[in-house]
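Read the structure below first, then the notes.
None of the figures in this text is laboratory data; all of them are computed from the coordinates on show. Everything quoted here is computed from the prediction, not taken from an experiment. For neighbour counting, all protein chains shown are included, and Cβ atoms are generated from backbone atoms with ideal geometry for every residue, glycine included.
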Amino acid sequence: MADDDAKSFHDERRRLIGELDLERNQLIRNIETCRIRDIDRPFIGNWSLKDIVGHVATWEAEVVSALKDLLAGRRPAVLDFDEATLDAWNDDHVARKRELDFWSVYEQLKGGRARLADVLAAVPDDALADDTATERRLVHSLVDHDRDHWHAIAAVLAGMPGARQTGPQSVPAEAHQGEIAEAAAAP
């Protein structure tokens, strides 16, 4: 690999991590702007603010697990996720955290980002720079996921009826998107 390639791969890693940080910081700002009463009562649809925080933390944990699988040479389960079960899966995982207090769920969100940073340190720069790499798609799915949720929270805070969709419908859909394109391009 040429020095210029290594530099551009490293620059792309920094850009992607900067995007992760930007979207997470906005999500955190919007969460912290909400009222205490929004923590446990329906805020967006049937989900409370705590449910949304738990949902985002759960998907980040899934991506961390998937990245660890890739580093170990295994196929991540998220690539075989059945999109037809997405709503039920989300509702089940949200329900699992309902008995926890908000601050525990919020700490899971923060801890998940620290675990992501740890595993990203082991992901090669070229895997984060290549648009077709599963690692990059997984990380970018978190960028989009945070963005979708902070937009939805911002819309409620602004009294708007809803937020515009900013990316693929789900983390598994975005992670799997590249495989579909690769299969279609195969001879």
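Each of PHE43, LEU67, THR33 was scored by the projection of its Cα onto the charge dipole of segment 1-116, and the greatest displacement toward the positive side belongs to THR33; charges sit on the C-beta of Lys, Arg, Asp and Glu.
Here the gap between ASN90 and THR33, fully extended at 0.36 nm per residue and compared with their Cα-Cα distance, gives a gain of 18.1 nm. Calculated from the alpha-carbon coordinates, segment 3-185 shows an Rg and a Dmax of 16.7, 54 Å respectively.
Excluding ARG35 itself, what net charge comes from residues whose Cβ is under 15 Å from its Cβ, given Lys and Arg +1 and Asp and Glu -1?
Combined, the nearby Lys, Arg, Asp and Glu give +1.
Would you count, across segment 3-185, every pair of lysines whose alpha carbons are under 25 angstrom apart, provided the pair is eight or more residues apart or spans two chains? Qualifying lysine pairs in segment 3-185: 6. The equivalent ellipsoid that matches the C-alpha gyration tensor of segment 99-142 spans semi-axes of 28, 11, 5 angstrom, in descending order.
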